[in-house]
Amino acid sequence: MSEKKKFSLEYEIKSSPKILFSFLNEPNGLAQWFADDVHYKDQIYTFVWDGEDHKAKLLSIKENKMVKFRWIDDDPACYFEMEILQDELTNDVALSITDFAPPELVEERRLIWDNQIEYLISVLGA
């Protein structure tokens, strides 16, 4: 398996940071756009896609700002982070995604994030 490459994406989201944050850290919110189902227990989130469980440890969380996860079975140096950015002058809100993927899969992973965030925006009605 090749070394994973860090990449970042940013999406404009027409939502308040507080509402958006509930979709990034609460199992019910995540299950509406990120995975088919989500369970949480003892700092471990279980994301379910197509009947398969994928476990991620919550590494850090900042209220209404950011959540950072690491897949349990992945390289300990790799993580995925969702950070809410708000422009101080315009109050525009953006969602910044940081993730890791093998270089040959970065473009595919970007497309997956694009689709997921597009779905999040529709769920938010933003």
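Assorted remarks:
- When the residues of segment 1-14 are filtered to those that are modelled with pLDDT of 95 or more and over 23 Å from ARG70 (Cβ atoms), the one that is surrounded by the fewest Cβ atoms within 10 Å (Cβ to Cβ) is GLU12.
- Search result, residues across segment 29-55 that are among the hydrophobic types (A, V, I, L, M, F, W, C) and surrounded by 14 or more Cβ atoms within 10 Å (Cβ to Cβ): LEU30, ALA31, TRP33, PHE34, ALA35, VAL38, PHE47, VAL48
- The set of residues in segment 86-126 that are among the acidic types (Asp, Glu) and surrounded by 14 or more Cβ atoms within 10 Å (Cβ to Cβ) contains only ASP99.
- Scanning segment 89-126 for residues that are in a helix (DSSP H, G or I) and either aromatic (Phe, Trp, Tyr) or in contact with a helix residue (DSSP H, G or I) (Cβ under 9 Å, 6 or more places away or on another chain) (or both) gives TRP113, TYR119, LEU120, VAL123, LEU124.
- Of GLU83, GLU26, all but one fail to be crowded, with 17+ Cβ neighbours inside 10 Å and among the acidic types (Asp, Glu); the exception is GLU83.
- Every test in (1) within 24 Å of HIS39 (Cα to Cα); (2) modelled with pLDDT of 95 or more is passed by ALA94 save one, and that test is (1).
- Scanning segment 54-76 for residues that are without any contact (Cβ under 8 Å) to a residue 40 or more places away in the chain and either assigned to a loop (DSSP other than H, G, I, E, B) or touching a His at 6+ places or on another chain (Cβ under 9 Å) (or both) yields TRP71, ILE72, ASP73, ASP74, PRO76.
The values are calculated or read from the model by the stated rules, or taken from the named source; none is laboratory data. Everything numeric in this text was worked out from a predicted model, so none of it was measured. So basically every Cβ, Gly included, is an ideal-geometry build from the backbone, and we count neighbours across all protein chains shown.
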